[in-house]
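Structure first, then comments.
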Amino acid sequence: MTDSPRARVAASAAALGVTTRLIEHGPVGSLAEAATARGVEPADVIKTMVVRRGEGDYVLVLVPGDRVISWPKLRALLGVNRLSMPDADEALSVTGFPRGTITPFGTIATLPVVADETMTGREVTLGAGEHNIAIAVDADTALGALEAQIADVTESE
């Protein structure tokens, strides 16, 4: 595996046949600032959320920046009664990326991906494993390569 998180993300995406465009920007303090820095709308900044289904059982949930997880919808989709968000240290140990940089590409272990249906049909941006960078990808190509389960799992903020 490649040493740098950025290189690991790029190698993972390339191995899956996903073309990425690297976007470098300065520090950001909010999702709105990230959208501005990336030159996109907030809905096109995709948050990769680590969700715990059970002990040692995680899923990545891709959420457009203008939306939040609908816990009832996600629990119903996954067929569980309880879900939780791991703390920052646990998310890092599961993915290999610190919060704010997590991406479905290049995680330590391959994790199932659930993507909200509203992110399809356009170019979106994702974390790239390091702060102050992102990758732009065609959502449909990326979701297909990740074998993501696409469903209605979010609601408006």
request  = Kindly provide the helix-only [θ] at 222 nm of the chain, computed as the sum of -39,500 (n - 2.57) over DSSP H runs of four or more divided by all residues, to the nearest 500 deg cm²/dmol?
outcome  = -7500 deg cm²/dmol
request  = Collect residues whose amide H, placed 1.01 Å from N in the peptide plane, falls under 5 Å from the amide H of Y58; neighbours closer than 5 in sequence don't count.
outcome  = R53
request  = Pop out the ³J(HN,Hα) list for the stretch 145-157 in order, Karplus 6.51 cos²θ - 1.76 cosθ + 1.60 with θ = phi - 60°, rounded to Hz; leave Gly and Pro as x.
outcome  = 5, 7, 6, 5, 8, 9, 7, 7, 10, 10, 9, 4, 5
task = Stick to the Cα atoms of the chain, pair each with every other, and give me the Kirkwood hydrodynamic radius in Å at one decimal.
result = 15.5
key: Student exercise, the stretch 5-156 dipole from Lys, Arg, Asp, Glu Cβ charges, in Debye to nearest 20   = 200
note = Inter-part gap, Cα centre of the stretch 71-144 to Cα centre of the stretch 1-70, in whole angstrom, is 6
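Kindly work out what percent of the DSSP beta bridges joining two residues of the stretch 1-155 are antiparallel, to the nearest 5.
Among the beta bridges of the stretch 1-155, antiparallel pairing accounts for roughly 75 percent.
None of the figures in this text is laboratory data; all of them are computed from the coordinates on show. Note that the structure is predicted; figures quoted are calculated from it, not measured. Reconstructed Cβ throughout: ideal geometry from the backbone, glycine too, with neighbour counts over all protein chains shown.
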